[in-house]
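Okay, so here's the structure we're looking at.
Quick note: the coordinates plus some simple rules give every number you see, no bench work behind them. Predicted, not measured: the structure shown is a model, and the values here were computed from it. Here Cβ is always computed from backbone atoms with ideal geometry, including for glycine, and neighbour counts include all displayed protein chains.
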């Protein structure tokens with residue numbers, strides 16, 4: 001609506017310019033009183049200030065030489081020749097072959113509607129390009145949101161349990177044995193309550209001999225075909241948890257696991273791929289654990 005009102009205002013001003021040009025003669029002096037407004041109208045239609053001044057001068061003079069146009073408009077003669085070439089390309093003037101060379105302005109009743117049409121076409125094209133920019137920006141923003149990185153320090157445990165409950169295919173974990181035993185029952189319980197009961201769980205941890213201290217739910221998982229543990233000879237330098245090969249949790253302190261350290265969570269594909277490659281390499285060089293750990297002795301009553 002704002003553009004339309006400006007468009008109509010420009011049309012009214014163009015009509016005023018047409019009326020002003022209809023009575024030629026020595027209207028150059030009269031042009032000075034409203035010249036700024038007339039020049040402004042033409043610049044809004046796409047001309048530069050000097051192009052507008054030269055065109056309006058020629059429109060009032062009728063057929064004229066560059067010298068006369070220069071004197072009347074106050075624009076240097078060499079600049080006048082250059083501007084006249086541009087006005088000819090725009091269809092606003094024509095050159096008359098004579099000695100000296102003369103120029104004639106395209107009548108305003110034809111020239112101004114032509115400028116308006118050109119400006120309207122340019123505005124329509126800009127509107128289309130603006131819509132493309134908005135569309136592309138929305139796509140980019142959605143992509144960035146999909147690739148978002150979040151730092152989590154306070155509620156990592158709750159989010160990790162939530163992700164474990166929503167697993168569909170796999171859970172890959174690198175963690176110290178002490179840290180794993182501390183939270184295994186919680187995470188594996190969440191896996192058991194996931195929508196998919198056939199989730200593959202792989203754990204890489206440091207070698208130990210404390211199978212008997214494992215909670216029953218962990219011992220039960222040791223018996224499952226889709227639960228496998230492998231050992232490395234030293235403590236893992238990073239705690240990693242990869243959910244469905246799509247999301248990753250990383251501890252940011254190598255001396256602390258998920259329970260104490262601030263945690264980086266991300267679903268960024270590049271970061272997840274790096275973490276998955278690290279896990280897979282470590283998995284290949286680690287030692288396979290025995291399938292049946294020693295069972296825990298019952299407590300005496």
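If you rank 167, 126, 87 by fewest surrounding Cβ atoms within 10 Å, what's the result? Can you show the working numbers first?
Numbers: 167 18, 126 11, 87 22.
With the sparsest Cβ surroundings first, the list reads 126, 167, 87.
Across every pair of different alpha-carbon atoms, what Kirkwood hydrodynamic radius in Å does the stretch 83-125 reach?
Working: mean 1/r = 0.0876 Å⁻¹.
Over the stretch 83-125, the inverse of the mean reciprocal pair distance is 11.4 Å.
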- [ ] Given the peptides 49-56, 78-85, arrange them by the average over their residues of other C-beta atoms within 10 Å, most packed first.
- [x] 49-56, 78-85
